[in-house]
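For reference, the structure discussed in these notes is given below.
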Amino acid sequence: MKLQIWMSCVALSAASSLMAQQFQFTTKQPQAGKKVSFTYSPVGGPLEKEANIDFTAYSFNRSKNKFLAHDVEVTKKGNQYTGSFKSDTGARIVMVVPEVGEKKDNNQKKGFYSPVYDNKGKLRTEVVYNEATIWEGFGEALAGIPSDMNKSFELLQQAWKTASVSEKNAMLGGYIMTLNRVKKKEAKPEVLAILDELSSSPSATETVMNISVEWYKRMGETEKSAALEKKMKEAYPNGSWKNTEKFRSFMTQSDFDKKLEIYQSLLQDPALFTKEQGLQEYMLSNLAQMVVNSKKENKWEIFQNLANQLKPSERYSLYNNIAWDLSYKKDTLIDKAFSLSNEATKWAEQQMNQPSEPKPEEMTSRTWVKVRKQTFAMYADTYAWVLYKQGKYEEGLKYAKVGSELKEWKDGEYNDRYVQLASKVLSQENMLAELERIAKLGGIGKEGKQQLLKLLTNSLGSEQLAEQRLKELTASGKEKMRIELAKKMIQEAAPQFSLKDLTGKTVSLASLEGKVVVVDFWATWCGPCIQSFPGMQQAQNELSNQSDVVFLFVNTWESQATQEARDKEVRELLKKSNYTFQVLYDEKGENDEYQVVSKFKVEGIPTKFIIDKKGQIRFKSVGYGGNQDALVEELKAMVELAK
């Protein structure tokens with residue numbers, strides 16, 4: 001196995017150096033737990049014009065299912081950067097990412113990474129297996145390296161062919177998942193052969209058996225699945241499968257007392273929550289949220305008892321979420337919302353300035369500072385709204401301003417809450433000045449826009465002049481956004497697809513050549529997807545007079561029992577809000593995966609793609625930030641740039 005690993009990684013590292021010529025690992029054979037050095041010059045790359053470049057280093061260890069981020073010490077001389085970091089003791093691959101804000105140098109989509117060697121100069125085991133991780137999505141998320149499942153599979157195949165039985169056991173889940181995604185319907189015989197071999201081996205662990213049970217079921221081999229499940233439970237009568245079944249029961253249980261009983265039974269296995277990090281916090285938060293919505297007379301006493309068992313960051317996150325819900329939905333409980341939000345905000349401010357909790361392993365110190373600031377901004381924004389509901393406008397305005405400032409006045413929703421509080425405190429003259437300032441920064445929200453138009457109409461004497469003034473104020477912000485978007489443009493051939501819409505008509509991407517196509521992947525269960533729909537409808541309406549622009553809403557990742565049930569749910573959702581979307585139904589392949597969403601390598605929804613008139617993807621946008629106006633303006637700018 002080591003010879004093949006050597007050939008793969010050495011060739012890859014050489015290709016990386018030759019391709020970019022601006023990056024080099026000066027530590028020729030990086031070791032785990034040791035200092036790793038490199039040099040970098042941005043000349044000829046996407047960061048060439050940037051004055052100061054940041055660097056993030058990562059260590060990958062797939063067998064432990066984690067990556068770690070490292071602070072990088074850097075010196076600069078002319079255009080040359082020299083940096084170093086200490087890799088993790090379990091590292092199998094190390095990677096360096098040069099970046100300025102969200103902009104990264106990904107080495108022409110190949111990345112800057114190296115295999116890790118032992119202290120004798122030999123490659124560490126599992127190197128190729130870890131290299132595959134980069135191409136499965138981690139590289140895209142961390143370094144801007146586009147996912148490539150075929151490349152990942154090639155590496156996994158290489159590792160699999162020479163792996164020992166114990167190594168195959170460790171690789172099993174990831175290997176057959178990738179095999180199934182790449183080979184699709186042709187994968188079944190190979191998957192079954194692998195499952196037959198490893199699940200029947202004397203060295204088969206409970207984990208191997210459990211994975212095999214699920215995959216036999218997925219492959220339609222229900223009898224094999226049932227037989228192996230029985231064998232697994234007999235071989236491991238006190239195995240982890242018992243806790244898995246309890247957790248599944250916990251997730252489906254709607255009675256609080258029974259749910260609490262399941263959680264308490266899981267506490268009898270102290271090793272469970274040590275092994276499954278974050279599971280206990282998740283279950284406690286779930287129970288706390290549930291009891292708040294119950295009719296129990298002592299629900300707040302129970303809530304507090306559960307919350308006190310959480311570590312501070314989880315407890316105050318829970319407080320903030322509950323306070324937000326109470327302030328919007330249950331005004332009669334505004335005093336309780338105040339108590340929770342007040343505690344959470346004070347804690348977040350203290351953590352921002354002087355953290356008591358350790359830095360998460362997956363963050364650099366630089367990222368951690370940003371996260372703490374954003375957490376305080378979010379909690380301060382909630383607190384400001386609670387104070388608004390209590391009529392404490394001046395105090396609320398102070399916290400709303402903090403939230404907006406930490407968001408650099410770019411978040412329309414935060415700014416709207418600032419505007420609502422400011423309107424209760426400031427004079428009309430000062431209010432107009434504040435709104436004009438926010439508008440120039442490009443952060444005016446829906447509420448702010450309405451108030452600004454009203455004040456401008458009073459000041460200028462007509463709605464027409466007010467509208468013209470608003471356009472002038474927002475022009476600079478829109479131009480800044482356009483410039484930033486232009487920097488993020490990509491150019492990749494869009495995967496071809498052909499799907500049926502609600503009427504049964506087949507719509508293909510090829511038939512839309514010569515048009516800019518906005519493709520939005522969504523699902524009925526996806527909260528952010530549904531929250532983005534008013535903005536998507538508005539964008540579609542505002543671009544409806546442009547015959548060379550088409551919106552397609554691809555419904556995917558659904559789990560209804562039948563297509564009829566799926567169709568009914570989709571139609572009801574559209575009808576309820578009068579959405580006029582052209583919805584296409586993504587279809588599952590023989591590997592039981594939705595095909596088009598997989599072709600587009602979507603990791604989460606909502607995800608939008610802007611495809612130009614030649615069938616090239618020019619923009620990819622993931623998630624929804626909550627600001628309808630910002631979504632509309634961004635989409636319109638993307639479409640214009642794609643023409």
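The values are calculated or read from the model by the stated rules, or taken from the named source; none is laboratory data. In this text, all values refer to a predicted model and were calculated from it rather than measured experimentally. Glycine gets a Cβ as well: all are built from the backbone with ideal geometry, and neighbour counts include every protein chain shown. Each accessible area value is taken on the protein alone, full model and side chains, heavy atoms only, with ligands, DNA and RNA left out. Shrake-Rupley method; radii C 1.70, N 1.55, O 1.52, S 1.80 Å.
Figure note: Ile617, Ile490 ranked by solvent-accessible area, largest first, 1.4 Å probe, ligands and nucleic acids not counted: Ile490, Ile617. Take 97-103, 118-124 and order them by the average number of nearby Cβ atoms within 10 Å per residue, most first; the result is 97-103, 118-124.
Of all DSSP bridge pairs formed entirely within the range 492-643, close to 65 percent run antiparallel. Within the full protein context, the accessible area of Asp257 is estimated at about 80 Å² for a probe radius of 1.4 Å.
Over the range 360-410, what relative contact order in percent results from Cα pairs under 8 Å that are six or more residues apart?
So the answer I get is 36 percent.
Determine the share of the chain's accessible area contributed by carbon and sulfur atoms, expressed in whole percent, with a 1.4 angstrom probe. Reported share for carbon and sulfur atoms: 49 percent. Modelled spin-label separation between Asn238 and Lys103, with each label point placed 7 Å from Cα along the Cα-to-Cβ direction: 6.0 nm. Working from Cα pairs under 8 Å separated by at least six residues, relative contact order for the range 523-643 is 31 percent.
Taking 0.36 nm per residue of separation and subtracting the Cα-Cα distance, what length does fully extending Lys480 through Lys28 add?
158.5 nm
Subtracting the Cα-Cα distance of Asp269 and Tyr328 from their residue separation scaled by 0.36 nm leaves 17.3 nm.
Run the paramagnetic zone check for Lys246: 7 angstrom along Cα to Cβ, then residues of the range 280-317 with backbone nitrogen under 19 Å. 280-288, 306, 309-310, by backbone N distance to the label point. In this view, the solvent-accessible surface of Glu633, computed with a 1.4 Å probe and all protein chains in place, comes to about 50 Å². A simple spin-label model places the labels of Ser365 and Lys110 3.3 nm from each other, with each point 7 Å out along Cα-to-Cβ. Assuming a ≥ b ≥ c are the square roots of the Cα gyration tensor eigenvalues, decide whether the range 192-251 counts as rounded (a/c under 1.5), prolate (otherwise, with a/b larger than b/c) or oblate. Oblate. If R0 equals 60 Å, the separation of the Cβ atoms of Glu405 and Ala193 corresponds to a calculated FRET efficiency of about 0.50.
Figure the gain on full extension for Lys311 and Lys346 (residue separation times 0.36 nm, minus the Cα-Cα span) and round it to one decimal in nm.
Working: separation 35, 0.36 × 35 = 12.60 nm, distance 1.59 nm.
The Lys311-Lys346 span can extend by a further 11.0 nm.
Go ahead and collect, in residue order, the members of the range 365-393 whose backbone nitrogen is under 12 Å from a label point 7 Å along the Cα-Cβ direction of Val425. Residues 384-385, 387-388, 392-393 qualify, since their backbone N sits under 12 Å from the label point.
Of the residues Ile134, Leu310, Met232, the one whose Cα sits farthest towards the positive end of the charge dipole of the chain is Ile134 (charges of +1 on Lys and Arg Cβ, -1 on Asp and Glu Cβ, taken about the Cα centre).
Determine the order of Trp300, Trp160 by accessible area, beginning with the largest, at a probe radius of 1.4 Å.
Highest to lowest solvent-accessible surface, that is Trp300, Trp160.
Taking 19 Å as the cut-off, no amide N atom of the range 577-600 comes nearer than this to a point 7 Å along the Cα-to-beta-carbon line of Glu223.
Using the Cβ-Cβ distance between Lys576 and Lys151 with R0 set to 35 Å, the FRET efficiency works out to roughly 0.20. Per residue of the chain, the DSSP helices (runs of n ≥ 4 H) give a summed -39500 (n - 2.57) that works out to -17500 deg cm²/dmol at 222 nm.
Suppose R0 equals 30 Å; then what is the FRET efficiency for Arg437 and Glu640 from their Cβ-Cβ distance, rounded to the nearest 0.05? Step by step, r from the Cβ atoms, then E = 0.70.
Pairs of Cα atoms nearer than 8 Å and 6+ residues apart set the relative contact order; for the chain it is 8 percent.
Protein heavy-atom accessible surface, 1.4 Å probe, per residue over the range 206-286: 60 Å².
Which shape class, rounded, prolate or oblate, goes with the range 249-394 when its Cα gyration tensor gives a ≥ b ≥ c as root eigenvalues, a/c under 1.5 marks rounded, and past that a/b bigger than b/c marks prolate?
Oblate, because a/c is 1.5 or more while a/b does not exceed b/c.
Between 0 and 90 degrees, the angle of helix 188-199 with respect to the longest Cα principal axis of the chain falls at about 70 degrees.
Of the residues Lys588, Lys505, the one with the largest accessible area comes first in the ranking Lys505, Lys588, computed with a 1.4 Å probe on protein heavy atoms. Once you order the gyration tensor axes a ≥ b ≥ c over the Cα atoms, which shape class does the chain get: rounded for a/c under 1.5, otherwise prolate or oblate by comparing a/b with b/c? It comes out rounded by the Cα gyration axes.
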